[in-house]
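One structure below.
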Amino acid sequence: MLQKRLVCGILGVTLVSALCLGQQQPGKKIANQDIIDMVSLGLSDDVVIDKIHAAEATDFDTSVSGLTALKAAKVSDAVIRAMINPHPVAAVAPIQAVAASPTVSVNTDPNDPDAPHDPGIYIDANTRNGRQLTLLEPTVYTQGKSGGMFKSAMTYGIAKMKWKAVVRGGHAGTKTSDTGAVFYFYFEEKGAGLSHASFGGVSTPNEFTLLRLEVKGDTRETVVMKVNAFGSSSGTDEKNTIPFTHTKLKPGVYKVVPNAPLKPGEYCFLSAESAGAFAPGAAAANRVFDFGILSPE
């Protein structure tokens, strides 16, 4: 009879434990003892925590005395944390806020002067396909032969000799028939120049001269210096200098407009740095930004 009662008792305890693991009855709250019972059965922390999160209602005692009893029953810290916060609110990414943020559009039109451009000088001219911005590639010029040497010698150096910049090729690679073309200067703000060591600290169109080049066979020339016995002057012939005005559009960006329509011919922008580095007898090699104006069709 005693053995029979013992077996019945064991079955009863097992049934109670199974009920603890099963669905909670409506209105019943899971409490500390339920957790202790599940831990005593050897269930893993994950199972116990899942049970806590699935419970509709809880009645946990997480006071100091309650925690003491839980630790004495060998309830892990992970389970106790779940008991302290049995129904955590899942973090939801602010999708609506991201979707509502305005999309920043970047102007990538290469023919729009307001769009970002690499440093350099660009010619803005009419074409059959509308207005287009074209980068003026730098062209090397070298020191040409001096002029008036015989006259200077005969006058004991009083007469001036001219030093010329000679550009290879009779015509520029960039051409347009638009006599009303304008130009845009994009300076590299960090380097304060047009991305070339030859221009040093040149940072505004005011430090450039627009010149008309004289075609001499397969070269183009312009005077950059005059010298006599009393000294030298770095400067170009006034007859070949084309005046222009410039407007600053934003930091590092300028619009340059010739004061009058350009006549057909060969032209270039020469920086003050390049002209100043040109000295008599020097084997100088610098750069100009050259272009050609064609006769209207």
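General remarks:
- When region 29-76 is reduced to its Cα atoms, the Kirkwood hydrodynamic radius in Å: 10.9 Å
- Peptides 113-121, 202-210, ordered by how many other C-beta atoms sit within 10 Å of their residues on average, highest first, read 202-210, 113-121.
A short reminder: the numbers here are calculations on the coordinates, not readings from a lab. As the structure is a prediction and not an experimental result, all values here were calculated from the model. Neighbour counts run over all protein chains shown; Cβ positions are idealised from the backbone, glycine included.
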